[in-house]
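Participant: Got a structure for you, questions after.
All of the numbers you see were taken from the coordinates with simple rules; none came from a lab. A quick note: this is a predicted structure, and the numbers were derived from the prediction, not measured. Note that each Cβ is placed from the backbone with ideal geometry, even for glycine, and that neighbours are counted across all protein chains shown.
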Amino acid sequence: MLSRRSFFLFTLPASIVLGLFFVYPIALTLQLSFTNSTGVGEADWIGWRNYERIVSRDRYPEALWTTIKFTLVVVTVQTLAGLVLAALLHRLPAIRNFCRAALFTPAMMSFVVVGYVWQFIYSPFSGGLNSLLRGAGLDDWTWGWLGDPDTALYAIALAHIWMFVGYTTAIFLAGYANIPDDIEEAGRLDGASSFQRFRYLEIPLLAPSFTINVMLSTIGTLKTFELPFIMTRGGPDGATRTLSLEIIDQLFGNYRFGFASSLSIIMLIIVIAVAFVQNRYLRKRELR
């Protein structure tokens with residue numbers, strides 16, 4: 001076994017990097033959150049005033065609710081869609097290897113590219129979605145998808161799901177690869193249908209994959225900024241204004257570093273709390 005001195009020396013480089021690029025920025029952000037810093041000159045200590053403003057203004061709780069609603073939609077649909085796609089590919093080995101490589105293509109694309117492509121798809125005049133609906137004789141279904149506060153958030157969520165559902169599917173496929181063939185063969189011999197094997201054998205054995213997918217997608221979606229910024233700039237009427245978008249707007253739009261830092265600390269607390277609860281629940285579920 002390694003001595004304590006050797007253990008310290010081996011972990012020292014990683015500890016330095018972690019401290020410089022993770023612990024120190026968080027500590028600095030926490031300090032700035034109690035000031036009125038504008039990024040230039042000296043900042044005055046104002047105590048809890050930034051946090052009091054967040055609580056007292058409707059704008060910021062609404063941004064938090066928008067973020068939570070967006071996260072719930074994305075995580076639920078993305079996880080279920082990835083599970084279904086993985087189950088289908090597991091039963092189609094002839095095309096599984098080809099699809100496994102293609103699954104990562106959307107996730108490797110730039111957010112900027114994806115945002116502008118989907119913005120064009122949703123265009124009310126020449127967009128692909130409305131053109132498809134008109135071609136199918138469904139003119140009454142055409143809509144200004146990104147211009148309506150009732151549909152804009154869900155339209156962005158669909159683009160986000162399209163971008164990362166392949167990643168989710170790949171993780172589920174890795175989970176399928178860890179299921180022993182003997183278990184599925186026993187299910188077939190007992191006369192279980194494909195759906196029964198999926199419901200009673202595969203889903204319980206995919207519990208670790210559920211844990212990874214749900215946690216990764218939740219943490220990533222809670223911090224989402226790029227697609228709402230590119231596709232709607234937080235509009236219309238603030239319907240897609242997420243907490244991350246508020247932070248960026250306060251930081252680089254209004255140069256209110258102290259207030260943006262307080263919003264960042266709140267987001268950090270929410271992400272840590274959600275990740276802790278999810279991890280505890282999903283890990284217990286794996287042991288059932």
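Participant: Sort the following peptides by mean Cβ neighbour count (other Cβ atoms within 10 Å, averaged over residues), highest first: 39-45, 171-177.
Facilitator: So the peptides 39-45, 171-177, ranked by packing, come out 171-177, 39-45.
Participant: Between Asp237 and Ile179, what FRET efficiency follows from the Cβ-Cβ distance if R0 is 51 Å, with the result rounded to 0.05?
Facilitator: 0.60
Participant: How much length is gained on full extension from Arg283 to Arg57, taking 0.36 nm per residue of separation minus their Cα-Cα distance?
Facilitator: That works out to 77.6 nm of additional length.
Participant: Magnitude of the Cβ-charge dipole of the chain, K/R +1 and D/E -1, about the Cα centre, nearest 20 debye?
Facilitator: That gives a dipole near 760 debye.
Participant: Could you give the distance between the Cα centres of segment 175-249 and segment 1-55, to the whole Å?
Facilitator: 32 Å
Participant: Turning to a different aspect of this structure: Grab the Cα-Cα distance for Ile269 and Ala102, subtract it from 0.36 nm times how many residues apart they are, and report the gain in nm with one decimal.
Facilitator: 56.5 nm
Participant: Shifting gears a bit: How large is ³J(HN,Hα), in whole Hz, for each residue of segment 251-262 in order, when computed from phi with the Karplus curve 6.51 cos²θ - 1.76 cosθ + 1.60 and θ = phi - 60°, using x for Gly and Pro?
Facilitator: Result, ordered by residue: 6, 9, x, 10, 6, 9, 5, x, 5, 4, 5, 5 Hz.
Participant: Here's another thing I want to ask about it. Which one of Ala63, Ile171, Gln119 has its Cα pushed farthest toward the positive end of the charge dipole of the chain, where Lys and Arg give +1 and Asp and Glu give -1 at the Cβ?
Facilitator: It is Ile171, whose Cα lies furthest towards the positive end.
Participant: If the convex hull of the alpha-carbon atoms of segment 3-59 is projected onto planes in all directions, what is the mean projected area in square nanometres?
Facilitator: About 6.4 nm², averaged over all directions.
Participant: Same structure again: Give me, ordered by chain and number, the residues 5 or more places off Thr35 or on other chains with an amide H under 5 Å from its own placed amide H.
Facilitator: Those lying under 5 Å, H to H, from Thr35 are Ile46.
Participant: Which of Thr211, Thr221, Thr169 moves most in a GNM of the chain, Cα contacts under 10 Å?
Facilitator: Highest fluctuation of the listed residues: Thr211.
Participant: Okay, next question. Using 0.36 nm times the number of residues separating Phe225 and Phe120, minus their current alpha carbon distance, what extension gain do you get?
Facilitator: 35.9 nm
Participant: Restrict the search to segment 95-147; then list the chymotrypsin sites (Phe, Trp or Tyr not before Pro) that DSSP places in a loop and that have at most 15 other Cβ atoms within 10 Å of their Cβ. All intermediate terms of the calculation are to be shown ahead of the outcome.
Facilitator: Values: sites: Phe98, Phe104, Phe111, Tyr116, Trp118, Phe120, Tyr122, Phe125, Trp141, Trp143, Trp145; in loops: Phe104, Tyr122, Phe125, Trp143, Trp145.
Within segment 95-147, the qualifying chymotrypsin sites (Phe, Trp or Tyr not before Pro) (loop, at most 15 other Cβ atoms within 10 Å) are Phe104, Phe125.
Participant: OK, next. Please compute the Kirkwood hydrodynamic radius over the chain, one decimal place, Å, based on all pairs of different Cα atoms. Write down the numbers at each step before the final one.
Facilitator: On the way: mean 1/r = 0.0452 Å⁻¹.
Its Kirkwood hydrodynamic radius stands at 22.1 Å.
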